[in-house]
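Worksheet for the structure shown next.
The values are calculated or read from the model by the stated rules, or taken from the named source; none is laboratory data. All values reported here derive from a predicted model rather than from experimental measurement. Quick reminder, even Gly has a Cβ in these numbers, built from the backbone with ideal geometry, and neighbours come from all protein chains shown. SASA here: full protein model, heavy atoms, side chains in, ligands and nucleic acids out. Shrake-Rupley method; radii C 1.70, N 1.55, O 1.52, S 1.80 Å.
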Amino acid sequence: MLRTIPGPTERVVVVGAGLAGLSAAAHLAGRGRTVTVLDDREGPGGRASARPLGEYSMVTGPTVLTMPDILAGVFGALGEELGDWLDLVRLDPAYRASFADGSTLDVHADGEAMAEAVRAFAGPAEARGYLRLREWLSELYSVEFDRFIAANFDSPLSLVSPQLARLVAMGGFRSLDGAVGRFLRDERLKRVFSFQSLYAGQSPRRALALYAVISYMDTVGGVFFPRGGMGAVPAALAGAITKAGATIHHGDPVTSLDIRGGRVRAVVTAAGQRVPCDAVVLTTEPEHSYRLLGRAPRRPVRLRPAPSAVVLHAGTVRARPEVAHHSIVFGQAWHRTFDEIITKGSLMSDPSLLVTRPTATDPTLAPPGHDLYSILAPVPNLDRGGQRWAALGPRYAEELARHVQRRLAPGFTTEIDRTFLLTPEDWAARGMVAGTPFSYAHTFAQTGPFRPANLVRGVDNAVLAGAGTVPGVGVPTVLLSGRLAADRITGSGR
């Protein structure tokens, strides 16, 4: 029996209009609750908000959208069709992988197309290995999704099930690197199917193989892009939610909670607005949520944040149709890179980057004949690294631009006319733990029922949502966290 909050649940306040908050609001409004969303920004989206960069339109948060069925489920909770609100384009290739030896590989979600690409890239044996890997990834996803990813946990005993035994038999608790290595021997190919561990805050050698489901999401499920940019997703969700009768207030941060008798009675904002509630969903970073609640989570060991990222957004005066929407630019070093970022707290000596050119799919995001880029470099979080980003940031941005010029786009640095830089210190200023947009790492001790729970001890009617709680980091999982929070209030709506 799923634990739900006791007492009345008619009026719900959602704190935060990011993807988690919008998802929670949609599911709650669709189940007949009166929903008020309070947000400190001027528009919806949280870290997925759109903002202008001169004549360019950029998003300072996630650039990769996978598993559109989950997003469709959020609209479906309101009786709406995804296609009526968003025009999603399937990217082909999903990524273009560029390696230090000069070779490149287009990564296709279509199995036959990808097998043929692998055959041409690394030979027939690797193509056969890829097809076996694809089958394993698909089975892994089917085993994990309902029971482990899209589920609430009331205790670690919730894990005990026939699916857990099957997951163990499939090797889900071995290392990701070893699991992928059972199918592929080419080191370049192994990187394509294991770099996703960085999203989980782990190296492929330390990440659990069960996190190969992230690889399933983009290499099998496919990568998509909404016309109008990633900021179109929260804008569409906000539109559907308000159409359903929910209210969204922007530009007025929540400063306190009126807690009496172990229940949140009202939410109070900086402008003095007091919004009574029967339940509250907090989608702020868990540390901030617990400060509002006047409590601290009970954990024997301090939570470990994931690595952070430096992101250089750049507008250029030249459009380059030869550059893919998403390019993964791998350095020669690989395992050393994870050791530098995660263990030593140092910058990558041989960078591997994710370069996104959203104008490849939607040229309207830049002036005619121009391009927009997002260059992401993993870096240590503020707890691990000692970098002084105020001084280092501009120099590091120049180094990233030169790296893109050497590996991907000759002449790139001379074509830049607008830049916007985000460093760990900027993420920290936005309230993100240890200056990382990837929240807490998905170690075994911070996964599933061991991740910070979405119910709060000592406060009967407060529920958490977002990347810091279950199920974790990433657009699909953050959307699911909103649905799981709604389930804690109303009972399962599935």
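Listing for the model above:
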quantity: Selection count, the stretch 80-98, where residues are within 30 Å of Thr490 (Cα to Cα) and in contact with a helix residue (DSSP H, G or I) (Cβ under 7 Å, 6 or more places away or on another chain); calculated: 5
quantity: Single condition Asp92 does not satisfy, out of (1) buried (at least 16 other Cβ atoms within 10 Å of the Cβ); (2) assigned to a loop (DSSP other than H, G, I, E, B); (3) under 22 Å from the mean Cα position of the chain (by Cα); calculated: (1)
quantity: Residue check for Val59: open to solvent by less than 10 Å² (accessible area, probe 1.4 Å), under 26 Å from Glu322 (Cβ atoms) and either modelled with pLDDT of 95 or more or not polar (S, T, N, Q) (or both); calculated: no
quantity: Ala125 vs. criteria in a helix (DSSP H, G or I), more than 27 Å from the chain's Cα centre (by Cα) and at pLDDT below 95; calculated: no
quantity: Unique residue being in contact with an Asp or Glu (Cβ under 8 Å, 6 or more places away or on another chain) and within 25 Å of Gly30 (Cα to Cα) when the list is Val267, Val281, Val275; calculated: Val267
quantity: When residues of the stretch 319-339 are limited to those that are over 19 Å from Asp218 (Cβ atoms) and of a type in the set (Gly, Ala, Ser), the one most open to solvent (accessible area, probe 1.4 Å); calculated: Ala319
quantity: Considering residues of the stretch 131-166 that are under 18 Å from Arg3 (Cα atoms) and touching a Leu at 6+ places or on another chain (Cβ under 6 Å) only, the residue least open to solvent (accessible area, probe 1.4 Å); calculated: Ala150
quantity: Inter-residue pairs, beta-carbon under 7 Å, first at pLDDT 95 or above and in the stretch 349-371, second in a helix (DSSP H, G or I) and among the charged types (D, E, K, R), 6+ apart; calculated: Ser349/Glu340
quantity: Tally, over the stretch 245-297, of residues that are of a type in the set (Gly, Ala, Ser) and open to solvent by less than 40 Å² (accessible area, probe 1.4 Å); calculated: 6
quantity: Breaking point among (1) within 22 Å of the chain's Cα centre (by Cα); (2) modelled with pLDDT of 95 or more, for Arg205; calculated: (2)
quantity: Residue that is most open to solvent (accessible area, probe 1.4 Å) [pool: residues in the stretch 1-24 that are within 13 Å of Arg488 (Cα to Cα) and among the aliphatic types (A, V, I, L, M)]; calculated: Met1
quantity: Some residue of the stretch 178-200 being in contact (Cβ under 8 Å) with a residue 40 or more places away in the chain, surrounded by fewer than 18 Cβ atoms within 10 Å (Cβ to Cβ) and in a helix (DSSP H, G or I); calculated: yes
quantity: Candidates Ile259, Ile248, filtered to the one that is more than 28 Å from Ala77 (Cα to Cα), touching a helix residue (DSSP H, G or I) at 6+ places or on another chain (Cβ under 9 Å) and assigned to a strand (DSSP E or B); calculated: Ile259
quantity: Selection from the stretch 346-368 of residues that are surrounded by fewer than 20 Cβ atoms within 10 Å (Cβ to Cβ) and among the aliphatic types (A, V, I, L, M); calculated: Leu347, Met348
quantity: The stretch 25-56, subset β-branched (Val, Ile, Thr) and surrounded by 23 or more Cβ atoms within 10 Å (Cβ to Cβ), residue nearest to Gly272 (Cα to Cα); calculated: Val37
quantity: Filter result (assigned to a loop (DSSP other than H, G, I, E, B), without any contact (Cβ under 8 Å) to a residue 60 or more places away in the chain and of a type in the set (D, E, K, R)) within the stretch 141-177; calculated: Arg174
quantity: Filter pass, Ser138 being assigned to a helix (DSSP H, G or I), in contact (Cβ under 8 Å) with a residue 12 or more places away in the chain, out of contact with any Phe, Trp or Tyr (no Cβ under 7 Å at 6 or more places or on another chain) and among the small types (Gly, Ala, Ser); calculated: no
quantity: Complete set of residues in the stretch 298-310 that are open to solvent by 10 Å² or more (accessible area, probe 1.4 Å) and either among the hydrophobic types (A, V, I, L, M, F, W, C) or farther than 25 Å from Gly474 by Cβ (or both); calculated: Arg298, Pro300, Val301, Leu303
quantity: Filter result (modelled with pLDDT under 95 and closer than 14 Å to Arg483 by Cβ) within the stretch 1-43; calculated: Leu2
quantity: Test: residue in the stretch 110-117 that is part of a loop (DSSP other than H, G, I, E, B) and without any contact (Cβ under 8 Å) to a residue 40 or more places away in the chain; calculated: yes
quantity: Filter result for Gly172 (within 16 Å of Arg132 (Cα to Cα), loosely packed, with under 14 Cβ neighbours inside 10 Å and either in contact with a helix residue (DSSP H, G or I) (Cβ under 6 Å, 6 or more places away or on another chain) or not aliphatic (A, V, I, L, M) (or both)); calculated: no
